[in-house]
Amino acid sequence: MSQPSAKMIVTRENRIGDIDPRLYGSFVEHVGRAVYGGLYEPGHPEADACGFRNDVLALVRALQVPVIRYPGGNFVSGYRWEDGVGPLEQRPRRLDLAWRSVETNAIGVNEFVRWTSLANSQPMMAVNLGTRGLVDACNLLEYCNLPGGTQYADLRRSHGVSAPHGIKLWCLGNEMDGPWQVGHKTADEYGRLASETARAMRRVDDSVELVLCGSSFSNMPTFPEWESITLKHAYDEVNYISLHQYFTKQEGDSADFLAQTVELDRFIGTVVSACDYIKAVRRSPKTMYLSFDEWNVWYHSNGADDHFMRDNPWHEAPALLEERFTFEDALMVGGMLITLMRHANRVKVACLAQLINAIAPIMTKTGGGCYRQTTYYPFLHASLYGRGVSLQPTLISDKYDSRRYTDVSFVDGAAVLDEEERTLTLFVLNRNLEADMNFAVELRGFTAPPRLLSHTVLHHDDLTATNDLDREVVTPHLSDTATLTQNGLSTPLKRASWNVIRLEVSQKSI
């Protein structure tokens, strides 16, 4: 029996679009130990004068995350931003209704902006449209972005922050379609509120970019009608509509789990269609872009989290959402990144949810060290090498059927051309769980043979392998199996593997 095979044809002129660097954003919510015991731990041996952990910052900086969404998430729908500014001793302790925890407010907008600067990133701020509304959103925007001479700008200055933060990217609430959301609204209620809030915020600062809440996931009963209704209200006032999606695994069904990127692709396509339908209805020249500002794998901790919040409420920074990601989860994250790259013409912002401790690639021990989870690596590779022009590859691959999906390609991939550096990076996922694959690449539109820069592989024989504080067993390595050809290369792909193939290519096209 012959070994299964796949081929990728990459044509230089077959461009999807420029990749916005914000495609590799992330997310920090006031939930669990994401903030307290995560990025902030006063008294820790690695803490700086502000209480920020330098060891955590080093791992975040390495990811080169351009934008970080804050402060939620579900948390924002009950958040009073004024509680988190001003003298620390005057900040109230509040009940966080979203996660049934106690919020100390030791970290607020000024501290988080300072932390993002240390992380070489920018904040993506969310406003509370659950329990609050238009006035509070405008007040927060004034506090953050105006230089002075008005109440809230002067309030910021009185808090020791003389220069405005200049935050450009703002979310108009969070998951307002979800019955779990504090202040949940119907599509018409939210659409009108978001439209009015957006108009008012632009009067405060007309340079901001605004994100409308789309559906919380693709199986919501109101999807995609929610998109249609809310965009009818707010199309002219916003720049993006959001998507959220977390993928889970049924026990023992790895083949179906890894095939779920098919669903992700359909989800994006349907939202694009809804946006373009409203564009046509309104006869608008404007194109609506997408902000995929929550995405990840999330299923390991769900039962324990629900049980804890029900039976043990009102703890300070409880250990919630602390997924122990497996090697298999890293493969799924890689597949999701490939899908996002292939939609770079419409998906301009995306946020891996989250960054530290809560469903995160970085984990910490309170008072101790920190480490990279398995999912850290595909996100790192995409952020470092997935910038430039997304090319549309032609993929020819043997296929399989899973429980829910048919004709799933064993091999999935994306191609990114960095014209300035003259590099072509191929991101390749082998979903074949049983056998290695013969893989060939054919390049078209390049005038000279390529030169192989590196072939990085993330593979482990055990799909359930995890990393921990004492030992990171799932780590990438360099492979020397690739053979260059006149117009491409060939290499075996390890079964169940994430591959990053970097090539130097010619400057001129034919």
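The values are calculated or read from the model by the stated rules, or taken from the named source; none is laboratory data. This one's a predicted model, so the numbers in the text were calculated from it and none came from an experiment. Positions of Cβ are backbone-derived with ideal geometry, glycine not excepted, and every protein chain shown enters the neighbour counts. The accessibility values were calculated without ligands, DNA or RNA, using every heavy atom of the protein model including side chains. Shrake-Rupley method; radii C 1.70, N 1.55, O 1.52, S 1.80 Å.
Here is how the numbers come out for the structure above:
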{"read-out": "Conditions (1) open to solvent by 10 Å² or more (accessible area, probe 1.4 Å); (2) of a type outside the set (Lys, Arg); (3) in contact (Cβ under 8 Å) with a residue 12 or more places away in the chain; (4) closer than 21 Å to Gly25 by Cβ: number failed by Thr104", "value": "(4)"}
{"read-out": "Criterion (modelled with pLDDT of 95 or more and touching a Phe, Trp or Tyr at 6+ places or on another chain (Cβ under 6 Å)) met by exactly one of Ala414, Ala440", "value": "Ala414"}
{"read-out": "Spans of strands (runs of 3 or more DSSP E) in the stretch 1-84 with at least 3 residues surrounded by 16 or more Cβ atoms within 10 Å (Cβ to Cβ) and β-branched (Val, Ile, Thr)", "value": "5-11"}
{"read-out": "The stretch 110-129: number of residues that are open to solvent by 10 Å² or more (accessible area, probe 1.4 Å), closer than 14 Å to His30 by Cα and out of contact with any Ser or Thr (no Cβ under 9 Å at 6 or more places or on another chain)", "value": "1"}
{"read-out": "Options Ser301, Ser254: the member that is crowded, with 16+ Cβ neighbours inside 10 Å, more than 17 Å from the chain's Cα centre (by Cα) and within 23 Å of Asn499 (Cα to Cα)", "value": "Ser254"}
{"read-out": "Some residue of the stretch 382-389 being in contact (Cβ under 8 Å) with a residue 12 or more places away in the chain and over 29 Å from Asn357 (Cα atoms)", "value": "yes"}
{"read-out": "Gln181 being in contact with a strand residue (DSSP E or B) (Cβ under 7 Å, 6 or more places away or on another chain) and surrounded by 16 or more Cβ atoms within 10 Å (Cβ to Cβ)", "value": "no"}
{"read-out": "Residue match in the stretch 493-504 (condition: open to solvent by less than 40 Å² (accessible area, probe 1.4 Å), touching a residue at least 40 places away in the same chain (Cβ under 8 Å), of a type outside the set (Lys, Arg) and in a loop (DSSP other than H, G, I, E, B))", "value": "yes"}
{"read-out": "Residues located in the stretch 465-480, provided they are open to solvent by 60 Å² or more (accessible area, probe 1.4 Å), assigned to a loop (DSSP other than H, G, I, E, B) and not basic (Lys, Arg)", "value": "Leu469, Asp470, Asp480"}
{"read-out": "Residues satisfying the stated conditions in the stretch 418-447, i.e. part of a loop (DSSP other than H, G, I, E, B) and within 16 Å of Ile9 (Cα to Cα)", "value": "Gly445, Phe446, Thr447"}
{"read-out": "Some residue of the stretch 401-419 being open to solvent by less than 40 Å² (accessible area, probe 1.4 Å) and more than 27 Å from the chain's Cα centre (by Cα)", "value": "no"}
{"read-out": "Hey, Ser402 of a type in the set (Ser, Thr, Tyr), out of contact with any helix residue (DSSP H, G or I) (no Cβ under 8 Å at 6 or more places or on another chain) and farther than 17 Å from Ile338 by Cα or not", "value": "no"}
{"read-out": "Some residue of the stretch 392-399 being in contact (Cβ under 8 Å) with a residue 40 or more places away in the chain and out of contact with any strand residue (DSSP E or B) (no Cβ under 7 Å at 6 or more places or on another chain)", "value": "no"}
{"read-out": "Residue count for the stretch 250-269, restricted to those that are modelled with pLDDT under 95 and closer than 15 Å to Trp295 by Cα", "value": "0"}
{"read-out": "Members of the stretch 19-62 that are in contact with a Leu (Cβ under 6 Å, 6 or more places away or on another chain), over 30 Å from Leu417 (Cβ atoms) and among the small types (Gly, Ala, Ser)", "value": "Gly32"}
{"read-out": "Failed condition for Leu155, given (1) of a type outside the set (Gly, Ala, Ser); (2) under 22 Å from the mean Cα position of the chain (by Cα); (3) open to solvent by 10 Å² or more (accessible area, probe 1.4 Å); (4) over 25 Å from Ala344 (Cα atoms)", "value": "(2)"}
{"read-out": "Asp206 vs. criteria open to solvent by less than 20 Å² (accessible area, probe 1.4 Å) and either of a type in the set (D, E, K, R) or within 24 Å of Trp295 (Cβ to Cβ) (or both)", "value": "no"}
{"read-out": "In the stretch 262-286, the residues that are assigned to a loop (DSSP other than H, G, I, E, B), under 16 Å from Thr230 (Cα atoms) and without any contact (Cβ under 8 Å) to a residue 40 or more places away in the chain", "value": "none"}
{"read-out": "The one condition in (1) open to solvent by less than 30 Å² (accessible area, probe 1.4 Å); (2) modelled with pLDDT under 95 that Arg431 fails to fulfil", "value": "(2)"}
{"read-out": "Residue check for Asp412: in contact with a strand residue (DSSP E or B) (Cβ under 8 Å, 6 or more places away or on another chain) and free of Cβ contacts under 8 Å to residues at least 40 places away in the same chain", "value": "no"}
{"read-out": "Tally of residues being of a type in the set (A, V, I, L, M), surrounded by 15 or more Cβ atoms within 10 Å (Cβ to Cβ) and out of contact with any strand residue (DSSP E or B) (no Cβ under 8 Å at 6 or more places or on another chain) across the stretch 275-292", "value": "1"}
{"read-out": "Residue match in the stretch 353-365 (condition: outside any loop (DSSP other than H, G, I, E, B) and either open to solvent by 20 Å² or more (accessible area, probe 1.4 Å) or among the charged types (D, E, K, R) (or both))", "value": "no"}
